[in-house]
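None of the figures in this text is laboratory data; all of them are computed from the coordinates on show. All figures in this text were calculated on a predicted structure; none of them were measured in a lab.
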Amino acid sequence: MTHGWTQAEAAAHLGVTQAYLSMMERGERAVPHQFAGRAVKRMKARATALPFYRTARSRYDSDFLKAELGRLGYPGFAYLRGSPRMNPAELLMSALNEPDLDARVTEALPWVLLAYPDLDWEWLTGQARLKDRQNRLGYTVELARQAAEQRGESGLAGEIARRLGMLEPSRLANEGMYCHDSMTQAERSWLRQRRPQAAEHWNLLTDLTVEQLAYAAS
């Protein structure tokens, strides 16, 4: 534990016994969702400190993801604010793994990288390779890089560009959709001719561009 507390003090602040806290720290007990959120809030830690819950759900619908994005501070879902419950890297990977998402959720995904550039990139890229989502992640990172540039955040844009370069070797040759697998063949043919150059580079069919991201101009 951090925050300058002893383990006994941390246990008192977090409402658990010192023995139980010790077991969670040693990995002998699972960290409950509610406890993790409470700990992050009380210790004023970032959501990137939240543990991963890879087996918590098999599917994540758009309503659930909207709520979690709101809890992370996404301005488009500000009305859903609350204490973070999901690590930003896990939220992003869970969304990218969905076959179909509400367009407003898809537009929010590059924001996660802008707001949490300190997320666990190693875990995120490893999961993307495991699930064959490298192209979806690559395009999300590219949109985040463009957004950072438009906002005049050159340092952040450079850091994101470095991460983007690390994804290049794992780019997939097969064409895919950007969280819109239910797209009709007519829609796919139309997008194949009109998609952004970066989407073509990542072998994705989408018309999502940085100009559609309201937060890119803030």
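Worth pointing out:
- What the phi angles of region 179-191 give under the Karplus curve with 6.51, -1.76 and 1.60, with θ = phi - 60°, is a coupling list of 6, 8, 5, 7, 4, 6, 5, 5, 5, 5, 5, 5, 5 Hz, glycine and proline written as x.
- Cα-based Rg of region 46-137 normalised by 2.2 N^0.38 Å, two decimals: 0.98
- Taking amide H positions as modeled 1.01 Å from N, with prolines and chain starts lacking one, the residues under 5 Å from Leu172 and 5 or more places away or on another chain are Asn135.
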